[in-house]
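Scroll down for the structure; my scribbles are underneath it.
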Amino acid sequence: NKGDQTEEELIRACARDSEDFPVEKIIIHRFGTKKPIIFKIRWKGYGPEADTWASWEDVKDCSALEQYLKEKHSLKKKFEDGKVRKQTNKTVGMGEEE
């Protein structure tokens, strides 16, 4: 049951493309000149109230990220050009926004 998992466990499941807690999609991203990029995740079968913020490190191997970058051409270009700061910490608090 998703409700029994900690936010950190859910994020790790995302990073592994877990079948137990599949990611439906990445909703949005945020970053600033001094802040690393973070992504808002929508879990399959759950509504917006269960959305979770995650760092690059947490989603870099998630298939939802690949799809998100296909839709966000300008963001993909920034990644390719090394213009996006990537956080290497574990999880990001949901309240952390730009």
List the residues whose amide H sits under 5 Å from the amide H of Arg85, counting only those 5 or more places along or on another chain, with H placed 1.01 Å from N in the peptide plane. Ile37
16 Å Cα-Cα reach of Lys35 towards lysines, excluding residues that sit fewer than 8 places from it in its own chain: Lys78, Lys83, Lys86, Lys90
Past 23 Å, Cα to Cα: identify those pairs from Lys44/Lys77; Lys40/Lys77; Lys34/Lys77; Lys34/Lys72, in the order given. Lys44/Lys77
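Laboratory data are not the source of any read-out in this text; all were calculated from the coordinates shown. These numbers were taken from a predicted model, which means no experiment stands behind them.
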